[in-house]
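What follows draws every value from the coordinates through simple rules; no lab data is involved. Everything numeric in this text was worked out from a predicted model, so none of it was measured. Cβ coordinates were reconstructed from backbone atoms using ideal geometry, including for glycine residues, and neighbour counts include every protein chain displayed.
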Amino acid sequence: MASSQPLDDRIIDVIRLLEPGEVVSYGDIASDAGAPRASRHVGRVLAQTAGLCWWRVVNSQGRLVPGNEREHARLLRDEGVKVFNGCVTFSPKGRFSLR
C-alpha cells in the first residue's frame, strides 16, 4: 500500500479486503497496512468506523472482543469459524486456518 496514504485509511482498506471466514489479528492488519507496531491503533479504527467487519479481527491468541464475546462468536460461527471458550480455534481462511 502507498505509504503516503493516511494510516487510518490504509487500515480500513486492509479490513475491507477480509473475506467471510477469514480471521486475522490486529497485528496482522497493522502489518499489512505498513505499520507493524500499530495493532492498538487498528482496534481504535475498528471501534470508531461504522460498517467494517470487526468480527474478523481478534487478538494474536485468537481471543474475542472482551464484553462482546457472544455476538462476536455468533458472527464468526455464521462464517464457518470455530470458536471455543472465547477463542478462535479454526477459521476457513486467515491466521487461524491451520490450528
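Structure summary
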quantity: Estimated distance in nm for a label pair at Lys82 and Arg40, the labels positioned 7 Å out from Cα along Cα-to-Cβ; calculated: 3.4 nm
quantity: Amide H partners (placed H, <5 Å) of Arg63, local residues excluded; calculated: Val88
quantity: Estimated vicinal HN-Hα couplings, Hz - the range 12-27 in sequence order (Karplus 6.51, -1.76, 1.60; Gly, Pro = x); calculated: 4, 4, 5, 4, 5, 7, 5, 9, x, x, 8, 10, 9, 9, 4, x
quantity: Karplus (6.51, -1.76, 1.60) ³J(HN,Hα), θ = phi - 60°, over the range 40-46, in Hz, Gly and Pro reported as x; calculated: 5, 5, 4, x, 5, 4, 4
quantity: Computed helical MRE - 222 nm, the chain, DSSP H runs ≥ 4 contributing -39500 (n - 2.57), nearest 500; calculated: -10500 deg cm²/dmol
quantity: Convex hull volume per residue in cubic angstrom - Cα atoms of the range 1-43; calculated: 58 Å³
quantity: At 1.002 mPa s and 20 °C, Stokes diffusion of the chain via Kirkwood alpha-carbon radius, µm² per second; calculated: 161 µm²/s
quantity: Listed residues Ala30, Gly62, Leu17: farthest to the positive end of the dipole of the chain (Cβ charges); calculated: Gly62
quantity: The chain - share of DSSP beta bridges that are antiparallel (%, nearest 5); calculated: 50 percent
quantity: Long-range amide H partners of Val23 with built H, under 5 Å; calculated: Lys93, Gly94, Arg95, Phe96
